[in-house]
Every structure is written in C-alpha cells, then in structure tokens.
1. One residue is enough: does the range 83-94 have a residue meeting the conditions free of Cβ contacts under 8 Å to residues at least 12 places away in the same chain, open to solvent by less than 60 Å² (accessible area, probe 1.4 Å) and either away from the ligand (no atom under 16 Å from the Cβ) or touching a His at 6+ places or on another chain (Cβ under 8 Å) (or both)?
2. So how many residues does the range 195-226 have that are open to solvent by less than 40 Å² (accessible area, probe 1.4 Å) and either in contact with a Phe, Trp or Tyr (Cβ under 6 Å, 6 or more places away or on another chain) or among the hydroxyl-bearing types (Ser, Thr, Tyr) (or both)?
3. Please tell me if ILE115 is within 13 Å of the ligand (Cβ to nearest atom) and closer than 25 Å to SER46 by Cα.
4. Quick one: which helices (runs of 4 or more DSSP H) sit completely within the range 201-293 and have at least 2 residues that are modelled with pLDDT of 95 or more and touching a Cys at 6+ places or on another chain (Cβ under 9 Å)?
5. Would you pick out the residues in the range 112-154 that are without any contact (Cβ under 8 Å) to a residue 40 or more places away in the chain and β-branched (Val, Ile, Thr)?
6. Contact list please: Cβ distance under 8 Å, first residue in the range 173-199 and assigned to a loop (DSSP other than H, G, I, E, B), second residue away from the ligand (no atom under 12 Å from the Cβ) and basic (Lys, Arg), pairs at least six apart or on different chains.
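The values are calculated or read from the model by the stated rules, or taken from the named source; none is laboratory data. Keep in mind it's a predicted model, so treat the numbers as computed, not measured. Note that we place each Cβ from the backbone using ideal geometry, even for glycine, and neighbour counts take in every protein chain shown. The area values use the complete protein model at the heavy-atom level, side chains included, leaving out ligands, DNA and RNA. Shrake-Rupley method; radii C 1.70, N 1.55, O 1.52, S 1.80 Å.
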Amino acid sequence: MPSITGEVIPFYEVDVTNESKVNAIFSQHTIEGVIHFAGYKAVGESVEKPLMYYANNLMSTIAVMNACLKHNVKKFVFSSSATVYGDNAVPFKETMTLLPTTNPYGETKAMCERILTDTAKANPQLEVTLLRYFNPIGAHKSGLIGERPNGIPNNLMPYITQVASGEREYLQVFGNDYDTPDGTGVRDYIHVVDLAEGHVAAMKHSKPGAHAYNLGTGKGTSVLELVQTFERVNNIKVPYKIVDRRPGDLAECYADAKKAYEQLNWKTKYDVVQMCEDAWRYETAKQSVLISE
Ligand code: UFG
C-alpha cells in the first residue's frame, strides 16, 4: 500500500502453482530474493480437503523454488509455522526434533521445510530461511491493513474483534481445563508488524544453506488473558462462554526467541496491549468502510 510504504510495487495476480506464469514474471525483473507467503492456512479446512492443501501448498513452493533456480535467485524466505514442532515441550527451540503435526495444513509446512532444506543441500549457492510463525495478530497502526477473514473466523483475535463489534454474540473459549495457569490455551501472540520486520531481517542476514528461525515473542498469553487485555485497553466488553476443547489444540505453544535475536538481530517491539489496540482500530475502521460501501 503506497500510503504506508511510500513506494509503488509492481503487482501481478497469478496462480503461483503455474510455473510458466511465475517464470514469465521472473523474466521481467531482476530479483534479489523471494519471500514465499502463498498458501492455504485453515487448519479445519485442511482436514476436510487434504488433497487441495497438499497440492496447493507443495506445488506452489516447488514452482517458486524452480523459478529461483532457473533465474539464479539465491535468497528464499519461506512462511513456515510453529505447528511443525508438534507436541514438543515449551518453549519451542529450533534445535528440537520436529514431531508429527495434527493436521494436513501443518504437514504441508513440515514437508515444504524438508523440500527446501533438501534443495538447499543440492544447490550450495541457495540461502533458504524458514520462518516459523507463532500466532500473528494485530494490524498496521494506520488502521488501513489488517485481517479480514472470509466467513466465520477460525482464529481467536478476529473472533474477539467481531464479538466486540456486535457482529457475533459471544466468543467460545475452547476449554478451561488445560494444565496452564488459568486452564485456557496459551499461545505466543506476535504483532504482525514485528512479524513483517522479521522478514526484512531474514533477507538482510540470510546465508547459504537452510536455516529455521522462530518468529515469536517468547512469552505465552492465555485465551482469558488476551480477552481481558482486549476489554481493558479498548474499554469494551467481549462476552464469552467456556465450551469443550477444540480437537487438535495444544495446551501451550510459545517460542524460544533467542536464535532470531542472535543471528538475525531481530526481536519483537510490541506487546499484547498494542496488538489489542491495533486489532480493534482496524476492526472499527473496517466497520466504517463497510457501512459507507
Ligand atoms: N480459541 C478459542 N476460541 C476461538 C478461537 C481460538 O478459545 O474461537 C483458542 C484456541 O483454543 C487456542 C487459542 O485460542 O488456545 C489460539 O487459537 P487460534 O485458532 O487463534 O490459533 P492456533 O494456535 O490454534 O493456530 C495458529 C494458526 C495456525 C498455526 C498455529 C501455529 O492458526 O495456522 O497457530 O502454532 F499452525
């Protein structure tokens, strides 16, 4: 968005599983590096449509990497996920052996990491960075860009903002009998702007081989803590009901954030207070756009 970046960036809308279309774009520009974000990301949908997830997430990664090899692009940054750690003990550390994920979406991330790691081994000039995202929330502070899920939100923060705005009646809190301080699930929420800056750092500090980094704050926050923080900082109620656990959810998931700090010179700047303020600012700005449409 030029009003945020101050730059006009060429944009092409293509299916990135289509290698010839990807190659055509690579032929038109001198590309220093690629950040590959494209992929399906809904956990529940991936259980219902596994082939769609494997085909899309794997083929897009293979097609974009093939184009990099063909056009001699060395730097490749991949959007991976903390889900690749499976049910390891927290905090999750990059040196841990990865455990099975609980759904096809998670498997696509683990498989893409392997595909890219093998490709880096076979092509020593490549600099592959695997960024394991924890739970990105919030919005740009301008209120101009943020999260607008299609249909009923799967994730916690967009659900909270839609309950606060009155679009949905109440939040369902999935379980309060986990072995956590208040019984609700604990996650490492990271502001989307911090996450974006993690990619810039990854590009700057990339090196030959394939290297994985956690993008998280290193701090866990429970569902109820996030709800209470949101209510307090935005001065608005978020009605909720405790319901059964959601299948496949872990009790706790948070990062050991040292490696990214030491090797990428990156750490998070924002806390959950700012994440809650920015998410709500975007939601209220979005409501006014929808009303005026
Ligand atoms: N939760 C609720 N109610 C909701 C939604 C979520 O109580 O309506 C709870 C969940 O049980 C969990 C926490 O809020 O304890 C966070 O849930 P999210 O759905 O927001 O996020 P997840 O941690 O389940 O999953 C996210 C991404 C995945 C990614 C994973 C990595 O959605 O893509 O983090 O750890 F794989």
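1. No, that holds for no residue.
2. Final tally of qualifying residues: 9.
3. Values: within 13 Å of the ligand (Cβ to nearest atom): no; closer than 25 Å to SER46 by Cα: yes.
No: the conditions fail for ILE115.
4. Those helices (runs of 4 or more DSSP H) span 223-234.
5. ILE152 - this is the single residue of the range 112-154 that is without any contact (Cβ under 8 Å) to a residue 40 or more places away in the chain and β-branched (Val, Ile, Thr).
6. Partner pairs satisfying both residue conditions: ASP188/LYS219.
Residues checked against (1) of a type in the set (Lys, Arg); (2) without any contact (Cβ under 8 Å) to a residue 60 or more places away in the chain:
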| residue | (1), (2) |
| --- | --- |
| SER3 | no, no |
| ILE9 | no, yes |
| ASP15 | no, yes |
| ILE35 | no, no |
| LYS49 | yes, yes |
| LEU58 | no, yes |
| ALA63 | no, yes |
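Residue-by-condition table, conditions (1) over 19 Å from ALA196 (Cα atoms); (2) more than 18 Å from the chain's Cα centre (by Cα); (3) open to solvent by 30 Å² or more (accessible area, probe 1.4 Å):
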| site | (1), (2), (3) |
| --- | --- |
| ILE236 | yes, yes, yes |
| GLN263 | no, yes, yes |
| THR268 | no, no, yes |
| ALA279 | no, no, no |
